[in-house]
Amino acid sequence: MSVRGAARCAAALFFFFLTLASVSPAAEDDVRCLRGLKQSLGDPGGFLNWNFSNNTVGFICSFSGILCWNPQENRILSVELSSRSLTGSIPPALQFCRGATTLDLSGNSLTGSIPTTLCDWLPFLVNLDLSGNGLSGPIPPELSNCIFLNKLILSSNSLSGQIPASLSSLDRLKELDLSNNRLTGEIPPSIAASFPSSSFESNDGLCGQPLSSRCGSHSHHTGLIIIIAAGVFGALASLALAYFVWRCYFSSDRKETRKPISGEAGSLWADRLTASQHRLVPVSLFQKPIVKVKLSDLLSATRNFHREHIVIAGSERVGTAFKAVLSDGSALTVKRLHGCTLGEKQFRSEMGRISQLRHPNLVPFLGFCLVEDERLLVYKYMPDGALSSFLRSPANNLKWPARLRIAVGTARGLAWLHHGFQSPFLHQTITSNAVLLDEDLDARIIDFGLPRLVSSSAADTVGAADASPFANGIFGEPGYFPPEYAHSPMATTKGDVFAFGVVLLELVTGQKPTEVFVEFTGEASKGNLVEWINQLAAAGRLLDSIDPNLRGEETGEEILQVLRVAVSCVSYRPKDRPSMYHAYQSLKILWDNNHNSSEQYEEFPLVYGKDDSDSTTPRE
């Protein structure tokens with residue numbers, strides 16, 4: 001053997017053992033986690049009858065109450081041990097289940113406090129349910145470190161103290177239940193505004209909105225309060241009168257203006273834009289328009305960015321999108337970026353870069369507008385809206401050929417971003433919200449190139465009120481981010497492939513990515529869409545996942561082939577996923593073989609990294 005050949009073999013062996021060293025301890029940690037749970041929790045009912053004598057790969061995935069990312073690997077996705085009569089405190093061994101996204105210990109007899117380090121143990125939690133136990137002590141403010149939380153259920157315990165205001169920073173939180181505890185003090189207004197009164201009821205010491213009880217001092221302070229209140233009221237009344245006179249005198253032409261939507265930091269950002277010195281700010285368009293567009297035109301077209309004009313167009317964490325109808329009847333989508341602190345020169349440079357990304361399956365990016373610290377992006381409006389809205393509509397009558405066409409178009413757009421350049425462009429937030437449909441139901445991807453705008457400046461905005469939603473390498477949306485991001489949050493093209501696979505599953509099943517409604521039981525299934533599909537695939541029942549609206553169509557075999565492409569895209573290991581080029585080719589062959597189409601896109605070649613899309617340094 002030559003010296004060069006020997007060196008290659010040695011290098012291969014080195015990386016092989018390095019891979020084993022990096023993977024094996026992680027798998028052992030998950031086993032260690034369950035061993036610790038079984039040892040530290042009292043189990044009078046004998047529910048934790050887990051047998052650790054089996055050393056085969058994936059053996060813990062058959063344990064009661066445990067779901068894995070992949071049935072063939074010891075990587076825990078969720079720990080669901082509700083109503084098992086378990087006793088003891090919340091076990092520190094959970095720190096070894098680091099990749100878990102769900103922890104459900106509800107309906108047991110656990111005592112003690114909620115560990116302040118829980119989010120350090122389980123940083124990727126999406127669902128946390130500790131209700132129906134005997135937990136005591138305060139709610140740890142450190143729960144705000146579980147930044148992926150969608151659901152936080154702590155009801156029916158003996159928790160005391162005040163509700164931490166830090167919980168308001170959980171911008172993904174959709175469900176909160178703190179009822180039936182011993183909490184006291186005023187409900188933080190930022191939290192009260194987001195959840196119903198049922199989330200806080202049966203806490204005798206709680207007060208403030210949305211509860212009917214008011215917060216106030218003791219009765220012996222009433223006289224002093226009245227005197228102070230009267231003085232403050234008089235001062236405020238004088239100020240209000242002066243403001244009213246000024247408003248009537250100087251702003252009579254704005255009497256019909258509707259109330260704008262409030263900014264995320266509590267300021268009326270849209271109201272700032274209506275100031276006279278801003279109204280003539282031009283909208284920078286990439287192609288020379290027949291008529292110049294100004295900020296005042298966008299304000300009129302959106303009624304000062306009124307909430308009734310909000311539409312779904314990509315990630316809501318990246319920005320809020322508004323439908324704007326100009327005076328000539330043309331429609332635009334205007335997206336207000338969140339957390340972008342790039343200076344004007346750098347921002348304009350990024351706009352020039354993104355404007356070069358033009359493809360039939362990307363939403364046309366028309367221009368932008370800079371006003372003070374606000375960044376507004378202007379796109380062509382897509383009349384049929386987001387794919388997610390189409391699939392969730394009660395009147396959904398999207399036939400299979402249309403769904404396959406959307407799948408092919410989405411794959412073609414992503415494949416071009418990955419393989420049309422020497423360094424691939426990453427999307428990072430591909431979801432069914434980011435796939436828009438034009439008047440012909442063709443797929444158009446939005447939000448391409450935007451994560452860089454809201455993440456590249458994050459290091460310069462530490463502590464800023466409008467911090468980047470992609471700070472610290474956090475990107476993706478619940479239900480769409482791949483399992484490897486739980487351990488190495490570095491964006492890759494294979495992460496985009498995983499998210500695309502979830503969109504494919506939505507097209508075939510009609511299900512939501514974070515919750516599955518099982519038809520024959522008539523209720524939601526625990527776990528997300530990928531988990532459900534993996535369970536059906538392991539049982540050989542993939543056909544059971546097909547959207548009932550598609551059953552009966554004479555395309556069952558074609559649908560099953562698309563399902564197989566989707567399953568390969570959401571493989572647990574990145575190396576087992578196809579590149580976007582191969583995913584696109586697989587879908588295109590199905591379309592070409594079974595449907596008439598004359599579309600050709602040779603002017604958008606896919607020439608780079610067809611075999612291994614992660615072999616080159618990606619661009620955002």
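Given the residues ARG32, ARG4, ARG75, which is the only one that is of a type in the set (Lys, Arg) and either at pLDDT below 50 or more than 30 Å from PRO574 (Cα to Cα) (or both)?
Numbers: ARG32 fails: either at pLDDT below 50 or more than 30 Å from PRO574 (Cα to Cα) (or both); ARG75 fails: either at pLDDT below 50 or more than 30 Å from PRO574 (Cα to Cα) (or both).
So the residue among ARG32, ARG4, ARG75 that is of a type in the set (Lys, Arg) and either at pLDDT below 50 or more than 30 Å from PRO574 (Cα to Cα) (or both) is ARG4.
Given the residues ALA583, ALA538, which is the only one that is surrounded by 15 or more Cβ atoms within 10 Å (Cβ to Cβ) and among the hydrophobic types (A, V, I, L, M, F, W, C)?
Details: ALA538 fails: surrounded by 15 or more Cβ atoms within 10 Å (Cβ to Cβ).
Selected residue: ALA583, the only one of ALA583, ALA538 that is surrounded by 15 or more Cβ atoms within 10 Å (Cβ to Cβ) and among the hydrophobic types (A, V, I, L, M, F, W, C).
Under 7 Å between Cβ atoms, at least 6 apart or on separate chains: pull out the pairs that start in the stretch 530-543 with a residue that is touching a residue at least 24 places away in the same chain (Cβ under 8 Å) and end on any residue that is assigned to a helix (DSSP H, G or I) and of a type in the set (Gly, Ala, Ser).
Taking only residues 6 or more apart or on different chains, the pairs are ILE533/SER545.
When the residues of the stretch 196-208 are filtered to those that are surrounded by 18 or more Cβ atoms within 10 Å (Cβ to Cβ) and among the hydrophobic types (A, V, I, L, M, F, W, C), which remaining residue is nearest to the chain's Cα centre (by Cα)?
PHE200
If we scan the stretch 440-454, do we find a residue that is at pLDDT below 70 and either farther than 23 Å from ARG98 by Cβ or out of contact with any Lys or Arg (no Cβ under 8 Å at 6 or more places or on another chain) (or both)? First the steps, then the outcome.
Of the stretch 440-454, the ones at pLDDT below 70 are 454.
Restricting the remaining residues to those that are either farther than 23 Å from ARG98 by Cβ or out of contact with any Lys or Arg (no Cβ under 8 Å at 6 or more places or on another chain) (or both) gives 454.
Within the stretch 440-454, one or more residues are at pLDDT below 70 and either farther than 23 Å from ARG98 by Cβ or out of contact with any Lys or Arg (no Cβ under 8 Å at 6 or more places or on another chain) (or both).
Quick check: is even one residue across the stretch 148-162 of a type in the set (Val, Ile, Thr) and assigned to a loop (DSSP other than H, G, I, E, B)?
no
Which of the numbered conditions does SER136 fail, given that it passes all the others? Conditions: (1) in a loop (DSSP other than H, G, I, E, B); (2) touching a residue at least 24 places away in the same chain (Cβ under 8 Å); (3) surrounded by fewer than 20 Cβ atoms within 10 Å (Cβ to Cβ).
All conditions pass for SER136, except number (1).
Yes or no: the stretch 471-492 includes at least one residue that is of a type in the set (Val, Ile, Thr), over 30 Å from LEU550 (Cβ atoms) and at pLDDT 75 or above. Steps first, answer last, please.
Taking the stretch 471-492 as the starting set, the residues that turn out to be of a type in the set (Val, Ile, Thr) are 474, 492.
So of that shortlist, the ones also over 30 Å from LEU550 (Cβ atoms) come out as 474, 492.
Those left that are additionally at pLDDT 75 or above: 492.
Looking through the stretch 471-492, at least one residue is of a type in the set (Val, Ile, Thr), over 30 Å from LEU550 (Cβ atoms) and at pLDDT 75 or above.
Among the residues of the stretch 48-68, is any surrounded by 15 or more Cβ atoms within 10 Å (Cβ to Cβ), of a type in the set (S, T, N, Q) and not assigned by TED's automatic domain parsing to the domain that holds VAL570?
Just the residues of the stretch 48-68 that are surrounded by 15 or more Cβ atoms within 10 Å (Cβ to Cβ), to begin with: 48, 50, 58-61, 63, 65-68.
Subset that is of a type in the set (S, T, N, Q): none.
The answer is no; no qualifying residue exists.
Scan VAL378, VAL371, VAL334 and give me the residue that is more than 23 Å from HIS419 (Cβ to Cβ) and at pLDDT below 90.
Numbers: VAL378 fails: at pLDDT below 90; VAL334 fails: at pLDDT below 90.
Step by step, each of VAL378, VAL371, VAL334 is checked, and only VAL371 is more than 23 Å from HIS419 (Cβ to Cβ) and at pLDDT below 90.
Against the condition at pLDDT 90 or above, outside any loop (DSSP other than H, G, I, E, B) and closer than 30 Å to LYS38 by Cβ, how does THR111 come out, does it pass? Walk me through it before giving the result.
Details: at pLDDT 90 or above: yes; outside any loop (DSSP other than H, G, I, E, B): yes; closer than 30 Å to LYS38 by Cβ: yes.
Yes.
In this structure, does GLY339 turn out to be more than 26 Å from ALA407 (Cβ to Cβ), of a type in the set (Gly, Ala, Ser), in the same structural domain as HIS427 (by TED's automatic domain parsing) and in contact with a Lys or Arg (Cβ under 9 Å, 6 or more places away or on another chain)?
Values: more than 26 Å from ALA407 (Cβ to Cβ): yes; of a type in the set (Gly, Ala, Ser): yes; in the same structural domain as HIS427 (by TED's automatic domain parsing): yes; in contact with a Lys or Arg (Cβ under 9 Å, 6 or more places away or on another chain): yes.
In short, yes.
Considering only residues that are of a type in the set (Gly, Ala, Ser) and either closer than 30 Å to PHE390 by Cβ or not assigned by TED's automatic domain parsing to the domain that holds ARG353 (or both), look in the stretch 285-313 and name the one that is modelled with the lowest pLDDT.
So in the stretch 285-313, the residues of a type in the set (Gly, Ala, Ser) come out as 296, 300-301, 313.
So of that shortlist, the ones also either closer than 30 Å to PHE390 by Cβ or not assigned by TED's automatic domain parsing to the domain that holds ARG353 (or both) come out as 300-301, 313.
Values: SER300: 85, ALA301: 87, ALA313: 80.
Only one residue tops the list, namely ALA313.
Out of THR341, THR333, report the one residue that is in a strand (DSSP E or B) and of a type in the set (Ser, Thr, Tyr). Before you say what the answer is, go through the steps one by one.
On the way: THR341 fails: in a strand (DSSP E or B).
Of THR341, THR333, the one residue that is in a strand (DSSP E or B) and of a type in the set (Ser, Thr, Tyr) is THR333.
Considering only residues that are part of a loop (DSSP other than H, G, I, E, B), out of contact with any Lys or Arg (no Cβ under 7 Å at 6 or more places or on another chain) and surrounded by 17 or more Cβ atoms within 10 Å (Cβ to Cβ), which ones fall in the stretch 545-571?
ILE546, ASP547, THR555, VAL570
Residues are listed down the side, and each one gets a yes or a no for (1) closer than 25 Å to SER85 by Cα; (2) buried (at least 23 other Cβ atoms within 10 Å of the Cβ); (3) more than 25 Å from the chain's Cα centre (by Cα):
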{"position": "SER113", "(1), (2), (3)": "yes, no, yes"}
{"position": "ASN145", "(1), (2), (3)": "no, no, no"}
{"position": "SER158", "(1), (2), (3)": "yes, no, yes"}
{"position": "GLN162", "(1), (2), (3)": "no, no, yes"}
{"position": "SER168", "(1), (2), (3)": "no, no, no"}
{"position": "LEU173", "(1), (2), (3)": "no, no, no"}
{"position": "LEU178", "(1), (2), (3)": "yes, yes, no"}
{"position": "ASN181", "(1), (2), (3)": "yes, yes, yes"}
{"position": "PRO188", "(1), (2), (3)": "no, no, no"}
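Run LEU417 past the list (1) part of a helix (DSSP H, G or I); (2) at pLDDT below 90 and report the number of the one that doesn't hold.
Among (1) part of a helix (DSSP H, G or I); (2) at pLDDT below 90, the lone unmet condition for LEU417 is (2).
The values are calculated or read from the model by the stated rules, or taken from the named source; none is laboratory data. Values in this document were obtained by computation on a predicted structure and should not be read as measured data. For neighbour counting, all protein chains shown are included, and Cβ atoms are generated from backbone atoms with ideal geometry for every residue, glycine included.
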